[in-house]
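Input: a single structure, listed below in structure tokens.
Where a number appears in this text, it was derived from the coordinates with a stated rule and is not lab data. A quick note: this is a predicted structure, and the numbers were derived from the prediction, not measured. Because the Cβ atoms are built from the backbone with ideal geometry, glycine has one as well, and the counts that use them run over all protein chains shown.
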Amino acid sequence: MVKPGPCPGVEVRAVDEPATGRDDVLLRIDAASVCGTDRELLEWTPSAAAFGLRFPVVMGHEAAGTVIETGPDVAGLRPGDRVALESHLACGVCHPCRTGDGHNCAALGILGMHLDGVFAERVAVPERLCYPLPDGIGPEVGALLEPAGVAWHAVDRSEKAVAGGTVLVSGCGPVGLVIVQLSLLLGATTVLAVEPNPYRRRLAASLGATAVAPDTDVVDLARTATGARGGVDVAFEVSAAPGVLPVLFEAVRREGTVVTIGHPADPAEIDIAAHVNKKGVTLRGVFGRRLWDTWEHMTALVSAGRLDLSWLITHRLPLEALPDAVELLGGDAAKILLLPDEA
């Protein structure tokens with residue numbers, strides 16, 4: 001599934017077998033997952049253009065697969081190994097990389113944007129993008145570790161303020177739903193979830209959140225739910241919807257935390273004096289997953305049976321059905337898998 005240029009749409013193309021470089025592995029894609037970012041790319045929105053894609057490029061950045069072939073300099077993988085893919089390709093030599101922030105590399109390349117991605121039968125990727133899957137985690141759940149890892153990174157960036165705390169999640173797509181899961185798993189006493197899609201509101205409620213529509217007075221809800229605290233301890237903004245941040249700054253308590261995950265199409269206004277200086281709210285952003293501690297934590301939780309991701313999968317479609325999958329994202333759907341062998 002090829003993005004040919006800076007315009008709406010995607011093309012189904014027959015291409016040559018991917019070339020395997022010296023430090024690359026050739027993978028058979030066993031399962032790929034469709035992300036909200038893929039919708040932005042397909043429709044070619046300003047958010048998509050801001051990523052600076054290399055054209056033409058095979059789309060897709062969430063997947064698990066099986067190693068078919070390895071380059072001569074590959075040391076840690078061999079044919080038959082099962083892996084999930086990290087989507088952030090770090091250079092390894094810039095200041096962020098050398099100080100533990102490779103997910104935010106100064107020369108970052110992103111799978112499916114700057115190098116060919118996973119909406120294909122096979123893909124060649126650098127070995128350093130591969131995370132070996134432990135026994136017991138199959139390819140379908142393996143394909144969800146990349147997006148679920150964003151949720152863990154967000155909770156991590158909150159300094160685990162969810163533990164024993166009160167939480168507000170704005171936007172209950174798959175990442176938001178996993179934040180709800182993780183917050184409750186780590187001991188949150190109250191989780192409030194705001195989501196316009198009724199189906200996803202029901203999913204959030206089934207996890208244990210108090211789920212409401214965006215037309216609810218969210219600030220009043222947060223203050224009522226938290227009593228003397230005066231607001232939630234931490235709010236996660238996952239929706240990228242315009243006008244949401246001021247509401248979250250009001251809904252958190254003094255000295256609370258707001259963590260942003262969604263990428264808004266336009267700049268957002270923040271009242272520095274009222275919310276950051278006088279109220280003492282901490283604002284943190286999330287981009288990707290920490291390498292590789294996010295992956296270690298997520299696979300440990302999944303392997304131990306403490307965190308279930310399989311319930312997120314609502315649809316399985318053939319690879320060429322990407323446009324149909326994107327259409328489904330706005331309806332009764334959570335995670336949609338593209339399976340290259342699915343007829």
For this session: For a footprinting-style exposure proxy, rank Met59, Met1 by other Cβ within 10 Å, fewest first.
Result: Met1, Met59
Exercise. Rounded, prolate or oblate: which one fits the stretch 52-123, using the alpha carbon gyration tensor with axes a ≥ b ≥ c (rounded when a/c is under 1.5, else prolate when a/b beats b/c, else oblate)?
Worked result: oblate
Exercise. Distance in nm between label sites at Arg54 and Glu255, each 7 Å beyond Cα in the beta-carbon direction?
Worked result: 4.8 nm
For this session: Could you point to the residue in Ala84, Ile68, His95 farthest towards the positive end of the chain's charge dipole, with +1 and -1 charges on the Cβ of Lys/Arg and Asp/Glu respectively?
Result: His95
Exercise. From the residues Val58, Leu248, Val180, which one has its Cα farthest along the dipole of the chain in the positive direction, the dipole being from +1 and -1 charges on Cβ of Lys/Arg and Asp/Glu about the Cα centre?
Worked result: Leu248
Exercise. P(r) for the chain: what percent of alpha-carbon pairs falls in each 20 Å bin, starting at zero?
Worked result: 31, 58, 11, 0
Exercise. How many percent of DSSP beta bridges within the chain run antiparallel, rounded to 5?
Worked result: 50 percent
Exercise. With +1 on each Lys and Arg Cβ and -1 on each Asp and Glu Cβ, how big is the dipole of the stretch 149-285 about its Cα centre, in debye rounded to the nearest 20?
Worked result: 340 debye
Problem set entry | Residue among Ala222, Ser206, Phe236 farthest towards the positive dipole end of the stretch 149-285, charges placed on Cβ | Ser206
For this session: Multiply the residue gap between Phe287 and Thr224 by 0.36 nm, knock off their C-alpha separation, and tell me the result in nm, one decimal place.
Result: 19.5 nm
Problem set entry | Cα-based convex hull, the stretch 1-109, per residue volume (Å³, whole number) | 124 Å³
Exercise. What ranking of Trp152, Trp44 emerges when the number of other C-beta atoms within 10 Å of each C-beta is taken as an exposure proxy, fewest first?
Worked result: Trp44, Trp152
Problem set entry | For Leu89, distant residues with modelled amide H under 5 Å away | Gly109, Ile110, Leu111
For this session: May I ask for the Kirkwood hydrodynamic radius of the stretch 149-285, worked out over all distinct Cα pairs and given in angstroms to one decimal?
Result: 14.3 Å
Exercise. Summing -39500 (n - 2.57) over the DSSP H runs of n ≥ 4 in the chain and dividing by its residue number, what mean residue ellipticity at 222 nm do you reach, to the nearest 500 deg cm²/dmol?
Worked result: -7000 deg cm²/dmol
Problem set entry | Additional length obtainable on full extension of the chain from Glu11 to Asp81, 0.36 nm per residue less Cα span | 22.2 nm
Seminar exercise, completed: The ³J(HN,Hα) series, computed from each phi in the stretch 87-96 with the Karplus coefficients 6.51, -1.76 and 1.60 at θ = phi - 60°, rounded to the nearest Hz and given as x for glycine or proline, is 9, 9, 8, 8, 6, x, 10, 6, 4, x
Exercise. Alpha carbon centre of the stretch 301-343 versus the stretch 194-234: separation in Å?
Worked result: 26 Å
Exercise. If each of Asp217 and Ile270 carries a label point 7 Å out from its Cα toward its Cβ, how far apart are those two points in nm?
Worked result: 2.8 nm
Exercise. Taking the Cα centre of each part, how many Å lie between the stretch 117-171 and the stretch 1-40?
Worked result: 19 Å
Seminar exercise, completed: The answer for the net charge of residues other than Ile272 whose Cβ lies under 15 angstrom from its Cβ, with Lys and Arg +1 and Asp and Glu -1, is -1
Problem set entry | Exposure proxy order (Cβ contacts within 10 Å, fewest to most) of Phe119, Phe236, Phe287 | Phe287, Phe119, Phe236
Exercise. Roughly how big is the stretch 1-119's charge dipole about its Cα centre, with Cβ charges of +1 (Lys, Arg) and -1 (Asp, Glu), in debye to the nearest 20?
Worked result: 120 debye
For this session: Can you pull the one-decimal nm distance between simple spin-label points at Leu185 and Ser206, each 7 Å off the Cα toward Cβ?
Result: 1.7 nm
Exercise. Mind checking the dipole of the chain: about its Cα centre, +1 per Lys or Arg Cβ, -1 per Asp or Glu Cβ, Debye to the nearest 20?
Worked result: 1040 debye
